[in-house]
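K.L.:
A single structure is presented below for examination.
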Amino acid sequence: MAKKALITGITGQDGSYLAELLLNKGYDVHGLIRRSSSFNTGRIEHLYQEPHASQVRLRLHYGDLTDGVGLREVLTRIQPDEVYNLAAQSHVRVSFDQPVYTVTATGLGTMMLLEAIRDTGMQVRFYQASSSEMFGKSVEVPQSETTPFHPRSPYGCAKVYAFWQTVNYRESYNMFACNGILFNHESPRRGETFVTRKITRAVTRIKEGLQNELYLGNLEARRDWGFAGDYVEAMWLMLQQPQADDYVVATGESHSVREALELTFSLVGLDWKDFVKTDPRYLRPAEVDVLQGDAAKARRVLNWTPKVTFKELITMMVESDWELAREERVVAEHRQASGPKR
C-alpha cells in the first residue's frame, strides 16, 4: 500500500516541489489549503495533468492551522504516515506589519497541528519547516544546529516558538518530530515579493521595456541561497531516518543582495546601477546582516548535498521570468495595436 503524506502549505513554492517529489516516489499526497474566493493552486496545476492525476493520488482538503478541530478531522480522514508542516505567513518584512497574525499562523498554528496529531494518537512522522531567520543576530558564522537563536523579526520569533514546540512534543510524547532549519531557498516558483524573485522578475521586465526601475532595501544583507527543489529532498530524508532529529539545510555559501543584482543584470547585458534605487520602506526595523549555514550534519547523516549552484539558480530564474516578460510584452503590444474602438 502506498504511503500517505499530508502537506500544509502545498500551494506554496516548497509545497509544490515536495508534492512532485513524493508523487514520484509513489506516495498518495494530500494537501491542506485555506478556503478563498480565488484559486491559488497555480504552482500545482501541472500535477493534475500528469500520470499521477489519473490515479487520483493528489487530493486537496480545506483547512486552517488555527482550527484545531478541523485539523483533527482532516487527520482522521486521511490517516497520513507523514505530515509536512510548510504553512506559514512567511514574509519577514510583512511580519513587522502583521505581527499578531504571523505569530498566530506560524507559531501557534504549528502547536495546533502537533496537538491534533497527539490527540488522535496516530503514529505520524512530522516535519516542521524551521528557518534560518531564527538565528537573526547570530553570534557565529556559519550557523549550525548548536548556534543559539536570536530572532530579529516577528516571523523569526514565531519560528523559534514552533521549533521548540516540535522538540517539546518529540521529547514529551515520543513523537517522531523533526525540524528542518532551512536557509533561503529559491526557484522560478518563488513569490514575487521575495527579494531574489523580485530582482529576476524586474530585470527581465526592464530588458523587455515593461519596467524602468527596481526599488530595494538593504543591498549589503548576505544570505545563503539554494534551490528549493534540492531542499525538499532533505525534508523527505529527515522523515526516513530511524531517529527524529533537527538539521540545518544550506549551501554553506553566502552572497549579498548586491552580488545577486550584479549577476542577474549581467545575464541580460545590463548594468544594475542604471536601474536600481534604494527605498527605506523596504528596510526592516531590525536587520539580519549575515546568514550562512553549516549543513555538515545533513551531509553526514542524511547523505544530502545541494546540487544547484547560486549562479545556476539565478540563471534558471532569469530564464523563466524572461519567458514571462516576453509573453507580457506581446500581450501589451497587441492591446496597444488594437487600441480603443471608435
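K.L.:
Need at least 2 residues that are open to solvent by 30 Å² or more (accessible area, probe 1.4 Å) and touching a residue at least 60 places away in the same chain (Cβ under 8 Å) per element, so show me which helices (runs of 4 or more DSSP H) inside region 60-103 make the cut, counting only ones lying wholly within it.
P.N.:
Working: elements: 68-78, 92-97, 99-102.
Hits in region 60-103: 92-97.
K.L.:
Looking at region 167-216, which of its residues are in contact (Cβ under 8 Å) with a residue 40 or more places away in the chain, in a loop (DSSP other than H, G, I, E, B), open to solvent by 10 Å² or more (accessible area, probe 1.4 Å) and farther than 22 Å from LEU267 by Cβ?
P.N.:
MET175
K.L.:
Can you tell me which residues in region 111-128 are in contact with a strand residue (DSSP E or B) (Cβ under 6 Å, 6 or more places away or on another chain) and not in a loop (DSSP other than H, G, I, E, B)? Steps first, answer last, please.
P.N.:
Taking region 111-128 first, the residues in contact with a strand residue (DSSP E or B) (Cβ under 6 Å, 6 or more places away or on another chain) are 113, 124-128.
Matches in region 111-128: LEU113, ARG125, PHE126, TYR127, GLN128.
K.L.:
Being among the hydrophobic types (A, V, I, L, M, F, W, C) and closer than 19 Å to CYS178 by Cβ narrows it down to one of ALA296, ALA221, ALA325, so name that one.
P.N.:
Working: ALA221 fails: closer than 19 Å to CYS178 by Cβ; ALA325 fails: closer than 19 Å to CYS178 by Cβ.
On inspection, the qualifying residue turns out to be ALA296.
K.L.:
Among residues belonging to region 145-159 that are part of a loop (DSSP other than H, G, I, E, B) and among the hydroxyl-bearing types (Ser, Thr, Tyr), point out the one that is most open to solvent (accessible area, probe 1.4 Å).
P.N.:
Narrowing region 145-159 to residues part of a loop (DSSP other than H, G, I, E, B): 145-153.
From what is left, the residues that are among the hydroxyl-bearing types (Ser, Thr, Tyr) are 146-147, 153.
Numbers: THR146: 117, THR147: 5, SER153: 5 Å².
Applying the filter and picking the extreme gives THR146.
K.L.:
In addition: Just give me the residues in region 19-34 being within 20 Å of ALA88 (Cα to Cα) and part of a loop (DSSP other than H, G, I, E, B), in sequence order.
P.N.:
ARG34
K.L.:
Taking LYS277 as meeting all but one of (1) part of a helix (DSSP H, G or I); (2) more than 23 Å from the chain's Cα centre (by Cα), write down the number of the exception.
P.N.:
Condition not satisfied by LYS277: (1).
K.L.:
Checking the condition under 15 Å from VAL160 (Cβ atoms), of a type in the set (Ser, Thr, Tyr) and open to solvent by less than 60 Å² (accessible area, probe 1.4 Å), which residue from THR120, THR110 passes?
P.N.:
Values: THR120 fails: under 15 Å from VAL160 (Cβ atoms).
From the options THR120, THR110, the qualifying one is THR110.
K.L.:
Just to be sure before I move on: is ALA298 in a helix (DSSP H, G or I) and either over 24 Å from LEU214 (Cβ atoms) or without any contact (Cβ under 8 Å) to a residue 24 or more places away in the chain (or both) in the structure I sent? Give the steps one after another, and end with the answer.
P.N.:
Details: in a helix (DSSP H, G or I): yes; either over 24 Å from LEU214 (Cβ atoms) or without any contact (Cβ under 8 Å) to a residue 24 or more places away in the chain (or both): yes.
Against the criterion (in a helix (DSSP H, G or I) and either over 24 Å from LEU214 (Cβ atoms) or without any contact (Cβ under 8 Å) to a residue 24 or more places away in the chain (or both)), ALA298 qualifies.
K.L.:
Six or more apart or on different chains, Cβ atoms under 6 Å: show the pairs whose first residue is in region 9-21 and under 19 Å from TYR62 (Cβ atoms) and open to solvent by 10 Å² or more (accessible area, probe 1.4 Å) and whose second is among the aliphatic types (A, V, I, L, M) and outside any loop (DSSP other than H, G, I, E, B).
P.N.:
Pairs that qualify, where the first residue is under 19 Å from TYR62 (Cβ atoms) and open to solvent by 10 Å² or more (accessible area, probe 1.4 Å) and the partner is among the aliphatic types (A, V, I, L, M) and outside any loop (DSSP other than H, G, I, E, B), are THR11/ILE33.
K.L.:
If a residue has to be open to solvent by less than 10 Å² (accessible area, probe 1.4 Å) and farther than 21 Å from VAL203 by Cβ to count, how many in region 242-268 make the cut?
P.N.:
4
K.L.:
Further question: Can you tell me how many residues in region 226-240 are open to solvent by less than 30 Å² (accessible area, probe 1.4 Å) and assigned to a loop (DSSP other than H, G, I, E, B)?
P.N.:
1
The values are calculated or read from the model by the stated rules, or taken from the named source; none is laboratory data. Everything numeric here is computed off the predicted structure, so don't read it as measured data. So basically every Cβ, Gly included, is an ideal-geometry build from the backbone, and we count neighbours across all protein chains shown. Remember, those area values only see protein heavy atoms, side chains included, never the ligands or the DNA or RNA. Shrake-Rupley method; radii C 1.70, N 1.55, O 1.52, S 1.80 Å.
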